[in-house]
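What follows draws every value from the coordinates through simple rules; no lab data is involved. Everything quoted here is computed from the prediction, not taken from an experiment. Don't worry about glycine lacking a Cβ; one is built from the backbone with ideal geometry, like all the others, and counts go over all protein chains shown.
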Amino acid sequence: LTLLGPNSFEILGVHLRNMDSFIQAVQQVEDSNPSLSPLALVRALRRTAGHDDGMTIHFLGASYNASDAPPEALETAILNASSFSFFDKAIHHIVTDYGEERGVVLAPDGTTVALAPLLLGIELGLKAKMEGTPAVGMFPLTLGRTLGLSFLSLQDFPSSYRLGPNGCWDNVEHPKVFKLSRPATLATDAVINGGMDGAILGMDLSNLSPHEQPQALSDILKGYYSFILHEGQGLDAVTGHISPRRREISRSILEPLDLHSQVMETLTLVWKLEKTEWIALDTGVGKAVKDGLQTFVHKYWDCPQIIPRCQWRAKAYRGTPIPLSRPLRFLYVHHTYEPSSPCLSFTNCSRDMRSMQRFHQEDRGWSDIGYSFVVGSDGYIYEGRGWNHLGTHTRGHNDIGYGVSIIGNYTATLPSRHSMDLLRHRLVQCAVNGGALAANFTIHGHRQVVNYTSCPGDAFFSEIRSWEHFRE
């Protein structure tokens, strides 16, 4: 990056909209300004992106603080180190009329994150740490305001359409454009991911002991996003906070709060600070918030993150998909056998998905990858045929159950505990609450209903026999 010169990040901002490029840009600013504190830097980034709205100032103060270097010096430092326009474009969140979401980056784990709520949470955590005070306003700044306004702005729509959507990048190796899958709400998946990450990292920073000093901003981001999982351990060996665990960690932080009261108080504050009269005058606010929060909890906490087909670069279905008649009564558990090793990263899991789809389409002559869903050991579930379409996973039973496989050969060893929990608890709860699986569904191993196979492997089959809903 240094070889590219001081204005290189403007070019990178166009061609590489990923978290690694953003971290590298931040690190270049830090290297050029060794005395710049993490709090001063994140404030400068807020000033660059023009995020001094009423609520932000209420909780964080103006982005220029007297204890920092003069604002001109900070802006000059950023301009000299990279490009003012790079940070402005990287952080400023908008959705265009054509459904392109900007101000978001592709994280190494394959998820997409809005930078603005992420940085607001980090800034509040750093401020609380410096002042020795609680991180008051963490939920309103990172998630509350966005969720509340999204719930209200689409009251006439079904609750499931008041949040999201997700989308896909044009190219995951060199991401340039992120297109949403349907018209945007104020709380897209990327904004919610950024808000959850901001709350997690912000609370981590605010809870540092008095003797601990915060890391540089680039190191804070690297520790959370640029981790490496190790063979044979995966997420089971990880004790720190990393991005694949954002849903479970954010739930543990935020669920103890009275979220309904928190959102209502946030909307009241928005009305006072921004004079948004329609919030105060609408008598249906309480019900809209209640319904919206139920959808939020189901979609982003009960359900695991599912990597969509377009993100792992699936080929098109051959022919016309056959719809399922939901809810289904069975869940059939598989292992892939080949690939035989667990996948520990988005890159490797995506490669395995493409390999299996190619085998199923080219060698088997099937319309698509056979499984409904596939579980990686990277912390994510990958979409196969999905919730709505007939799979080719369990001969003679495809129309009455979902087929879910964990990548790896589990004849002699078990999958990671985390990947089994994703299937056993998270995906199952998501399916039942979402109407895809009947509440009294039955779990079978593949071998129980198809004679010629030992799938899902002896070790894994012995394990699932102890699971709820398993039937001999």
Between 0 and 90°, nearest 10: helix 38-49 axis offset from the chain longest Cα axis: 90 degrees
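What pairs in Lys179/Lys287; Lys179/Lys290; Lys176/Lys222; Lys127/Lys287; Lys127/Lys272; Lys179/Lys315 have C-alpha atoms more than 26 Å from each other? Don't jump to the answer; show the numbers that get you there.
Details: Lys179/Lys287 31 Å; Lys179/Lys290 29 Å; Lys176/Lys222 21 Å; Lys127/Lys287 34 Å; Lys127/Lys272 24 Å; Lys179/Lys315 18 Å.
Beyond 26 Å: Lys179/Lys287; Lys179/Lys290; Lys127/Lys287.
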With a cut-off of at most 11 other beta carbons within 10 Å, and DSSP calling the residue loop, which trypsin sites (Lys or Arg not before Pro) in region 242-277 qualify? Please list them. Lys275
Go through region 314-321 residue by residue and turn each phi into a ³J(HN,Hα) via Karplus (6.51, -1.76, 1.60, θ = phi - 60°); whole Hz please, and just put x for glycine and proline. 5, 6, 5, 4, 8, x, 10, x
Angle, helix 115-131 long axis vs. longest principal axis of the chain, Cα atoms, 0 to 90°, nearest 10? 60 degrees
Using a ≥ b ≥ c from the Cα gyration tensor of region 134-280 (square roots of the eigenvalues), is it rounded, prolate or oblate, where a/c under 1.5 gives rounded and otherwise the larger of a/b and b/c decides, a/b for prolate? oblate
Local electrostatic count at Phe139 - Lys and Arg +1, Asp and Glu -1, tallied over other residues with Cβ under 12 Å: -2
Which percent, nearest 5, of DSSP beta bridges in the chain are antiparallel? 40 percent
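Under 15 Å from the Cβ of Trp312, count the other residues' Cβ atoms, weight Lys and Arg +1, Asp and Glu -1, and hand me the total. Don't jump to the answer; show the numbers that get you there.
Values: positive: Arg309, Arg313, Lys315, Arg351, Arg354, Arg358, Arg385; negative: Asp109, Asp170, Glu173, Asp352, Asp368, Asp378, Glu383.
Taking every Cβ under 15 Å from that of Trp312, the sum is 0.
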Going by a ≥ b ≥ c, the root eigenvalues of the Cα gyration tensor, does region 294-428 fall in the rounded group (a/c under 1.5), the prolate group (a/b larger than b/c) or the oblate group? rounded
Exposed chymotrypsin sites (Phe, Trp or Tyr not before Pro) absent: longest stretch of the chain, with sites in DSSP loops and at most 10 other Cβ within 10 Å deemed exposed: 99-451
Summed residue charge, Cβ within 15 Å of Asp53's Cβ, Lys/Arg positive, Asp/Glu negative: +3
No partner Cβ under 4.7 angstrom, meaning no disulfide-compatible partner by this rule: which Cys of the chain qualify? Cys455
For Ser341, enumerate residues with amide H under 5 Å from its amide H, sequence gap 5+ or separate chain, H modeled in the peptide plane. Asn409
When Rg/Rh (Cα atoms, Kirkwood Rh) is calculated directly from the model, which label among (1) 0.99; (2) 1.21; (3) 1.07 fits? (1)
Using only DSSP helix segments of four residues or longer, with each worth -39500 (n - 2.57), what per-residue ellipticity at 222 nm results for the chain after dividing by its residue count and rounding to 500? -12000 deg cm²/dmol
So, R0 is 45 Å and r is the distance between the beta-carbons of Glu231 and Arg364; what FRET efficiency does that work out to, to 0.05? 0.95
List the lysines whose Cα lies under 19 Å from the Cα of Lys275, skipping any in the same chain that are fewer than 8 positions away. none
